[in-house]
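The values are calculated or read from the model by the stated rules, or taken from the named source; none is laboratory data. Owing to the predicted nature of the structure, the values given are computational and were not obtained by experimental measurement. Positions of Cβ are generated from backbone atoms using ideal geometry, with glycine treated the same way; all protein chains shown enter the neighbour counts.
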C-alpha cells in the first residue's frame with residue numbers, strides 16, 4: 001500500500017492524467033464525488049489537500065508520496081524530504097512585478113513588496129543584497145501596487161494576463177516552478193520498490 | 001485574558017496551558033522510556049562507558065565558532081552577566097568533545113549520556129522543541145575498531161526498542177567528500193541534489209557538466225543508490241576511482257566484521273548532517289517514525305578543532321521518536 005497526497009485543483013487533474021498515461025488505474029479518482037480519501041486497484045490510498053497540507057502530511061509520515069508545486073516547496077520551512085522528480089507540468093515562474101515606473105523610480109526608503117510567498121520574496125531580495133519590507137497578502141496580490149500598499153509584488157506568473165489587465169509587468173524573473181513528486185525520507189527506505197515502480201513509470205511518460 | 005469556569009472555579013490560562021515549545025509526549029510512556037533507557041545504560045556500561053551529566057547551558061560560541069553546521073536560529077539563548085550569549089544545550093557531542101580535549105586523558109575514553117537537548121522548531125507543525133536523547137561518544141579509538149564497537153552496541157540494543165521494523169543504514173563521509181572533490185566547483189549543486197535525491201536534477205546536472213563517463217554513470221545512480229550488501233558489492237566492483245572504492249571497502253570490512261548483520265543497509269548518496277563527519281555515518285529508521293530514531297557517525301575532524309589530535313565516533317538514540325513509533329505500532333496492533 002502506498003499513501004499519496006495530491007494538491008487539489010489543477011495539479012490534481014494534471015497528475016491524475018500523467019498517472020493514467022503511466023498505466024495506473026485512476027478511474028475512482030476521476031469519478032470521485034466529495035470523498036477525501038480514495039483507494040485504487042494499484043494499492044494507492046490517495047488524499048487531496050491544499051499545497052502546504054500535502055507537505056505537512058508528508059513531513060509527519062502520514063503519506064509516502066506527495067505531488068506539489070515547486071512554489072510551495074520553495075516557501076515552506078520544512079525541507080527534509082526527497083524530491084525525486086520534476087514532472088514538467090504546471091510550469092510557470094516566480095517574478096517580481098510592478099508598474100513600469102518601478103524600474104527607474106528612485107526610492108528614498110525601503111521598497112515595499114507584497115507577496116503570498118513571503119519566504120521566497122525575502123530570500124530573493126536578500127540574495128540581491130536589498131533590504132525590503134515584506135507585506136503578506138493572501139490572494140489577488142496585484143492589489144499591492146494597485147492600492148499602493150506595496151511598490152511591487154513577488155508572485156507566480158503563468159500567462160501574465162492578470163498583470164497586464166492591471167497595468168503591471170514582469171520586472172525580474174525569480175525562479176522556475178513546476179510540479180514535483182516528493183517522498184518522505186523514511187518511507188523511501190522501507191518502500192523503495194513500490195515507490196520506484198511509480199517513479200519509473202512516470203519517468204517514462206514525462207520523458208527526458 | 002480568557003477565563004473558564006471549571007468546577008465552579010475560574011482558571012487562568014497559565015493554570016492549564018503549556019507553552020507550545022514544551023514537550024507533551026513523555027507523560028503516558030514514562031515507564032517505557034525508563035525501561036529502554038535502563039537497557040541502553042546496561043549495554044553502554046557493559047562496554048565500559050562512563051555516564052556523564054552535562055551542563056544545560058553552553059556558550060553560543062561553542063556551537064557556532066567551530067563551523068560545525070549548527071543553525072543559530074535553532075538555539076534558545078540569553079545574554080548572561082558577562083554579556084555573553086548562552087544557549088540551552090543544543091547537542092551533547094560538542095560539549096563532550098570539549099570535555100575530552102581538555103582532559104589529560106591520552107587513552108581511549110568512553111562516555112555515555114541521557115538527557116534533553118533544546119532546539120527551536122516551527123510552531124503548529126506538531127513538533128516540540130525538547131528532544132530526549134541517549135547516546136555514546138567513543139574518543140581516541142580510530143578506524144574499524146571504533147566503528148565496530150559502536151555498531152555492535154547498536155545491534156545489541158535493537159531488541160530493546162520494541163519495534164518490529166528497523167533499518168540501520170550506513171553511509172560514508174569519505175565517499176561523499178571524494179565525490180565533492182571530483183565535481184570540483186559544483187560541490188554545492190551536487191550536495192543539494194543528493195540531499196533531495198533529485199533524479200531529474202541529477203540528470204540535468206550530468207548533462208550540463210562535462211565529467212568523465214564513469215563518474216556520470218555513478219552520479220546518475222546515486223539518488224536511488226541505497227540497499228543491502230549486494231548493492232555495496234556491485235558498487236565496489238564497478239567504481240574505478242580508488243578513493244571512492246576504498247571508502248566503500250571500509251564499509252564492507254565493517255559489515256563483514258559485525259557479529260550480527262541483520263537490519264543493515266547502505267546508502268551511497270548519504271549527505272553528512274554534520275560538517276565534522278569524516279567516515280562512517282549511521283542512521284536508524286523505524287517504519288513508524290517519520291524521522292530517524294538513531295543517528296551518528298565518525299567525526300575525526302572535531303577534536304582537532306579543540307587542538308587535540310584524536311579520533312572520535314558517537315551515536316545517539318532519539319527517544320521521542322522511538323516512543324512515538326512504539327505508540328503508533330501499538331495503535332496499529334490494537
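A few comments on the model shown:
- Residues of the stretch B:282-303 satisfying the condition of being in a strand (DSSP E or B), touching a helix residue (DSSP H, G or I) at 6+ places or on another chain (Cβ under 8 Å) and within 14 Å of chain A (Cβ to nearest Cβ): B:282, B:284, B:285, B:286, B:294
- Evaluation of residue B:210 against (1) more than 14 Å from every other protein chain (Cβ to nearest Cβ); (2) at pLDDT 95 or above (one fails), failing number: (2)
- Scanning the stretch B:146-177 for residues that are touching a strand residue (DSSP E or B) at 6+ places or on another chain (Cβ under 7 Å) and within 14 Å of chain A (Cβ to nearest Cβ) yields a count of 8.
- Subset of the stretch B:178-200 that is touching a residue at least 40 places away in the same chain (Cβ under 8 Å) and crowded, with 17+ Cβ neighbours inside 10 Å - its residue that is nearest to the chain's Cα centre (by Cα): B:195
- Condition met for residue B:261 (over 23 Å from residue B:92 (Cα atoms), in a loop (DSSP other than H, G, I, E, B), away from chain A (no Cβ under 14 Å) and without any contact (Cβ under 8 Å) to a residue 40 or more places away in the chain): yes
- Count of the stretch B:53-83 residues which are loosely packed, with under 15 Cβ neighbours inside 10 Å and assigned to a strand (DSSP E or B): 3
- The set of residues from the stretch A:29-59 being surrounded by fewer than 17 Cβ atoms within 10 Å (Cβ to Cβ) and within 19 Å of the chain's Cα centre (by Cα) comprises A:50, A:52.
- A single member of A:205, A:199, A:174 is away from chain B (no Cβ under 14 Å) and within 28 Å of residue A:53 (Cβ to Cβ), and it is A:174.
- Looking only at the stretch B:227-241, and only at residues there that are in a helix (DSSP H, G or I) and within 14 Å of another protein chain (Cβ to nearest Cβ), the one that is surrounded by the most Cβ atoms within 10 Å (Cβ to Cβ): B:231
- Subset tally (residues that are over 16 Å from the mean Cα position of the chain (by Cα) and part of a loop (DSSP other than H, G, I, E, B)) for the stretch A:1-20: 1
- Here is the figure for the stretch A:60-83: residues that are within 16 Å of the chain's Cα centre (by Cα), in contact (Cβ under 8 Å) with a residue 24 or more places away in the chain and within 25 Å of residue A:118 (Cβ to Cβ) total 14.
- Only one entry in B:86, B:108 is away from chain A (no Cβ under 14 Å), touching a strand residue (DSSP E or B) at 6+ places or on another chain (Cβ under 7 Å) and surrounded by fewer than 18 Cβ atoms within 10 Å (Cβ to Cβ), namely B:108.
- Among the candidates B:294, B:332, B:313, B:322, the residue that is farther than 24 Å from residue B:118 by Cβ and in contact with a strand residue (DSSP E or B) (Cβ under 9 Å, 6 or more places away or on another chain) is uniquely B:313.
- Considering residues of the stretch B:264-281 that are under 15 Å from the mean Cα position of the chain (by Cα) and part of a strand (DSSP E or B) only, the residue nearest to the other protein chains (Cβ to nearest Cβ): B:267
- Restricting the search to strands (runs of 3 or more DSSP E) fully inside the stretch A:62-138 and requiring at least 1 residues that are away from chain B (no Cβ under 14 Å) and under 21 Å from residue A:171 (Cα atoms) gives A:92-98, A:112-115, A:133-136.
- In the stretch A:50-61, residue farthest from residue A:154 (Cα to Cα) [restricted to those that are in a loop (DSSP other than H, G, I, E, B) and at the interface with another protein chain (Cβ under 10 Å from one of its Cβ atoms)]: A:61
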